[in-house]
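Read the structure below first, then the notes.
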């Protein structure tokens, strides 16, 4: 593996969340937050058993149903995750959540992270309780 250059268009980090109502989660994540659906495979109950989503600015997310407990990830509870997502338009995302009747935990505002970096962010809660912070911070500048 040494010497290989990773493909920057492919995400190498995939957060995993579980939901009780996977169909509602898929609609919220795609229609309100703005993810793109790549895979949404049904399970034997007619719910989304496995989904893969992409963020327009890069990155990926996997989610599944809390009904499926046969894997190491099957022990995860709904509403126990938190994800940070880079967004160039925090205000528009905030407005989509408000328009959809979603829960805004923190309205858009300027802040400093623990590293001292400044960012413009907002935090929302999805219908099952996971926290989603969208902000302008893209990580430290290359040295």
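Give me the percent relative contact order of the stretch 16-135, please, defined on Cα pairs under 8 angstrom at least 6 residues apart. List each step's numbers first, then the result.
Working: 233 pairs, mean separation 28.8, N = 120.
In percent, rounded to a whole number, it is 24.
Taking the highest mean first, how do the peptides 105-116, 87-98 order by number of other beta carbon atoms within 10 angstrom per residue?
Ranking, from highest mean packing down: 87-98, 105-116.
Each label point is 7 Å from the Cα along the Cα-to-Cβ direction; what then is the distance between the points at residue 38 and residue 77, in nm?
3.0 nm
Hey, could you grab the Kirkwood Rh for the stretch 16-135? Inverse mean 1/r over distinct alpha carbon pairs, Å, one decimal. Display every interim value, and only then the final one.
Numbers: mean 1/r = 0.0673 Å⁻¹.
For the stretch 16-135, inverting the mean 1/r across all distinct Cα pairs yields 14.9 Å.
Bear in mind these aren't lab numbers, they're just calculated from the coordinates by the rules spelled out. Here the structure is a predicted model, which means the values were calculated and not measured. Glycine also receives a Cβ, built like all others from the backbone with ideal geometry; neighbour counts cover every protein chain displayed.
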